[in-house]
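Structure first, commentary second.
The values are calculated or read from the model by the stated rules, or taken from the named source; none is laboratory data. Source: prediction; values computed, not measured. In this analysis, Cβ positions are derived from the backbone assuming ideal geometry, glycine residues included, and neighbour counts consider all displayed protein chains. Each accessible area value is taken on the protein alone, full model and side chains, heavy atoms only, with ligands, DNA and RNA left out. Shrake-Rupley method; radii C 1.70, N 1.55, O 1.52, S 1.80 Å.
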Amino acid sequence: MNQPDAPLWRDGDVPVSPRFDDPYYSLENGLAETRRTFHAGNDLPARFRDGFHVAELGFGTGLNLLATLALWRATGQDGRLVFTSFEAFPLAAPDMLRAQAAFPELAPLAAELAPFWQAEARRIDLPDLAFTLVEGDARQTLPVWPHRADAWFLDGFSPAKNPELWGADLMAQVAAHTAPGGSAASYTAAGHVRRALAEAGFEVTRRPGHGRKRHMTTARLP
Ligand SMILES: C[S@@+](CC[C@H](N)C(=O)[O-])C[C@H]1O[C@@H](n2cnc3c(N)ncnc32)[C@H](O)[C@@H]1O
């Protein structure tokens with residue numbers, strides 16, 4: 001592995017990427033943003049079933065993974081959640097854990113998964129979770145990924161700061177790696193992202209966003 005990216009810390013516990021000059025999650029309660037944007041935006045937990053596959057662009061602190069596994073467990077799902085995340089610049093375990101510690105309701109799960117991050121695990125197999133971290137630039141790793149997700153969490157840094165994770169070619173790859181009837185959601189409502197998703201075959205909808213964000217994006221394949 002290359003040297004991990006080291007975040008700066010804003011307001012004590014919000015990690016900010018010096019590489020991209022952007023926070024890893026909303027300064028206004030990252031967990032609430034995950035629930036509104038990625039869970040509600042993909043109609044979860046209603047669509048969960050054994051083997052339901054979430055894929056994510058941008059693993060960051062692991063907050064979305066923890067929040068999604070917590071939702072899976074809280075709603076008493078049978079079987080396994082499959083969760084794959086694409087990440088070019090993984091964080092070191094102590095930074096992930098410091099960021100996760102800001103969300104006390106996720107503490108038991110954070111503690112359960114901590115040994116995996118400390119071992120720099122790229123796969124986690126639990127009775128209710130099959131997690132894979134695909135390391136590398138998603139523009140290279142997604143085209144050769146041999147799976148299709150049921151729901152995508154499009155969670156790159158803002159399109160202005162991290163344009164490489166929002167390009168039309170990558171959005172086409174997201175569509176090509178989505179199961180029929182599958183979905184994608186993002187906190188951004190940037191016009192070029194919505195157009196790229198629509199050109200890739202998604203039906204794209206704008207919804208009210210989290211916190212000060214006026215709009216977010218949801219997308220569904222026919
Ligand atoms: C907003 S953060 C993701 C937050 C994360 N989902 C969480 O729960 O903490 C965006 C992530 O995208 C990653 N990233 C940026 N460019 C990338 C690329 N080209 N390929 C893969 N990952 C990339 C960054 O390193 C960063 O971890």
Of all residues in the range 56-77, which are within 16 Å of the ligand (Cβ to nearest atom), β-branched (Val, Ile, Thr) and either more than 21 Å from residue 165 (Cβ to Cβ) or in contact with a His (Cβ under 9 Å, 6 or more places away or on another chain) (or both)?
68
Name the residue, out of 112, 120, 164, that is touching a helix residue (DSSP H, G or I) at 6+ places or on another chain (Cβ under 8 Å), open to solvent by 70 Å² or more (accessible area, probe 1.4 Å) and at pLDDT 95 or above.
120
Filter result for residue 146 (within 13 Å of the ligand (Cβ to nearest atom) and not in a strand (DSSP E or B)):
no
Tell me yes or no: at least one residue of the range 78-86 is more than 11 Å from the ligand (Cβ to nearest atom) and of a type in the set (Gly, Ala, Ser).
yes
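Do we have any residue at all in the range 149-160 that's within 16 Å of the chain's Cα centre (by Cα), of a type in the set (Asp, Glu), assigned to a strand (DSSP E or B) and over 24 Å from residue 95 (Cβ atoms)? If you could, list the steps in order and put the result at the bottom.
The first filter runs over the range 149-160 and keeps only residues within 16 Å of the chain's Cα centre (by Cα), leaving 149-159.
From the residues that got through so far, the ones that are of a type in the set (Asp, Glu) too are 150, 155.
Narrowing further to those that are assigned to a strand (DSSP E or B): 150.
Okay, now just the ones that are also over 24 Å from residue 95 (Cβ atoms), so 150.
Yes: one or more hits.
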